[in-house]
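The values are calculated or read from the model by the stated rules, or taken from the named source; none is laboratory data. Because the structure is predicted, anything quoted here is derived from the model rather than measured. Ligands, DNA and RNA are excluded from the accessible area calculation, which covers all protein heavy atoms including side chains. Shrake-Rupley method; radii C 1.70, N 1.55, O 1.52, S 1.80 Å.
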Amino acid sequence: MNILTSLNVLIGLIVYLTLALACTAINEWIDATLHVRASQLRNSIAQMLSTTDNESLWNDFYVKGWYAIRVSSGS
């Protein structure tokens, strides 16, 4: 493998990693600004724990359960 091929691969990797880091930073900034991840997580957990007849599992988890204890204690 000659030196120019190695240099070309190295430059390509640097450009690829720089673009990947920039895209990740932009994605995290958008998520932090809009608070999308937390609301989607809460809605997904509520959907998984809810039943068709009542919301007892969601209430047990969110209001009375471990999550409520952790939030109220500030941990």
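The heavy atoms of S44 present about 60 square angstrom of accessible area, all protein chains included, probe 1.4 Å. Legend: residues I30, I14, sorted from most to least accessible area (1.4 Å probe; ligands, DNA and RNA excluded), read I14, I30. Just so you know, the Rg over Rh for the stretch 5-50 is 1.37, from Cα atoms, with Rh as the Kirkwood radius.
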